[in-house]
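**Student:** This structure is in structure tokens; I'll ask about it shortly.
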Amino acid sequence: MAPKRDYYRNGDAARNARRRNDPGSRARDNDRRHMANKRDYYEVLGVERDASPEEIKKAYRQKARQLHPDVNREDPHAEEQFKELGEAYDAVSDPQKRAAYDRFGHAGLSGAAGGGGRGAGFDDMFGDILGGFFNVGGMGGGRPTNRGNDLRYDLEITLEEAAFGGERTIRFPHQATCGTCHGTGSENGRVTTCVACGGTGQRQANAGFLGMQFTTVTPCERCGATGQIITNPCTACHGAGRTRTMDELSITVPQGVDSGMYMEFGGKGDAGPHSGPAGDLAVVFHVKAHPVFTRKGADLICETALPFTTAALGGKVSVPTLDGQAEIDVPPGTQPGHIFHLKGKGMPTQRGAHRGDQHIVVGIAVPTDLDPKQRELLRELADARGENIDHKHKGVFQKVKDVVGDVVDEYRDRAKEAFGG
Ligand SMILES: [Zn+2]
Ligand SMILES: [Zn+2]
């Protein structure tokens, strides 16, 4: 997709051609000048202007995965870019909005596409990323105004927990419905109708502008848009209907989970004010670095240091796996940088259906604690092989350099082959 984006951003010829065929592009170029921070939606999505809805959807999903803030916690711009992407998709995936945008540019949408990342396609995308770990419910528009806040809990787990799943109990503070007044905020349950709004919770005001009449509707401030006034506020919650409490929740860590994935628990967020519906709780997983294994998708990589005699003569070596120790047959003459593979000893895939592989990169342990007898034996060996490193031998450093150079090259090639660059 990247080359296509360049085509739009840099290609003057392409832009001129576009202008000839498309009267709206001038408008877009103009408003690009006015709204310097607003990029072309097609450019944001990395698709051509005549891209099909399928191509747009595909590009969006791909980019959303790259830019999702939970995946890019280090990048301060990720959230912004993610929002921008959501806005672009929101506009371009809707045939009507797309037509308006194509003709008039950003001005054609004037505020209509202020998505902010939670617009169209959001549910869609997460279903995809998380492989069905959770159900996103009630994320679209039309939320009641007295709905409680959504909460986020960052949960650190070990690689073993990520591999095999497990139960965790989290404790988190949130606004819970007041137990004394059951969320009504009233000590005795008595309420009176708000005189300011007549019980509707809304206030209307008329305004004139350029000879036109408008009616604006705003939430009533007097009663907090509830339409009711509490005469005797509950002493436990001071009339708020909610109190801050610690809550506990048991979580089943899904097998194969990776950092940035999350589970959502509907109704476990803050209770809504004035008996409003509760928000949701998202538990975001973070897999801790492991002392032995590096994770690469479903594969695990680790290193082992073979005794140099084992590397030369062959033998068996025991290596750690997620399932305990495993024995590897080391063929004679095994070189540093060689990679052994253990099939099915990696991480489970998201649904736990199968497991990736474990790759063991060979290093050579050179002994540093030789006793006099061992030293003598090695000297004899070196003599027998004509490798005795005596100061009178010239060119020996070149020889060492050659060998090391070969090993480094070989390691690099093998690692590339094994892990795709
Ligand atoms: Zn109360
Ligand atoms: Zn009112």
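The values are calculated or read from the model by the stated rules, or taken from the named source; none is laboratory data. Everything numeric in this text was worked out from a predicted model, so none of it was measured. When we count neighbours, we look across all protein chains shown, and the Cβ atoms used for this are built from the backbone with ideal geometry, even at glycine.
**Student:** Among the residues of segment 49-91 satisfying the criterion of being of a type in the set (D, E, K, R) and not in a helix (DSSP H, G or I), which is surrounded by the most Cβ atoms within 10 Å (Cβ to Cβ)?
**Tutor:** Applying the filter and picking the extreme gives ASP70.
**Student:** If you don't mind, another one. Kindly indicate whether any position in segment 344-358 is more than 22 Å from VAL253 (Cβ to Cβ), of a type outside the set (Lys, Arg), at pLDDT 95 or above and part of a strand (DSSP E or B).
**Tutor:** Taking every residue of segment 344-358 in turn, none turns out to be more than 22 Å from VAL253 (Cβ to Cβ), of a type outside the set (Lys, Arg), at pLDDT 95 or above and part of a strand (DSSP E or B).
**Student:** What strands (runs of 3 or more DSSP E) completely inside segment 219-296 contain at least 1 residues that are in contact (Cβ under 8 Å) with a residue 60 or more places away in the chain and within 15 Å of ligand 1 (Cβ to nearest atom)?
**Tutor:** Result: 242-253.
**Student:** Test THR216 against the stated conditions and say whether it is assigned to a strand (DSSP E or B) and away from ligand 1 (no atom under 16 Å from the Cβ).
**Tutor:** Here the answer is yes, as THR216 does meet what is asked.
**Student:** Taking segment 297-309, which residues are in contact (Cβ under 8 Å) with a residue 24 or more places away in the chain and assigned to a helix (DSSP H, G or I)?
**Tutor:** Our first condition is that a residue be in contact (Cβ under 8 Å) with a residue 24 or more places away in the chain; within segment 297-309, this holds for 297-308.
Selection gives PHE308 alone.
**Student:** Moving on. How do the pairs read when you match residues in segment 193-204 that are assigned to a strand (DSSP E or B) with residues anywhere that are more than 6 Å from ligand 2 (Cβ to nearest atom), using Cβ under 6 Å and keeping only pairs 6 or more apart or on different chains?
**Tutor:** Filtered contacts from segment 193-204: THR193/GLY199; GLN202/VAL217; ARG203/THR218; GLN204/THR215; GLN204/VAL217.
**Student:** In segment 37-68, how many residues are closer than 11 Å to SER93 by Cα, in contact with a helix residue (DSSP H, G or I) (Cβ under 6 Å, 6 or more places away or on another chain) and among the acidic types (Asp, Glu)?
**Tutor:** 0
**Student:** Here's a follow-up. Are any residues in segment 171-183 farther than 12 Å from THR235 by Cα and of a type in the set (S, T, N, Q), and if so, which ones?
**Tutor:** GLN175, THR177
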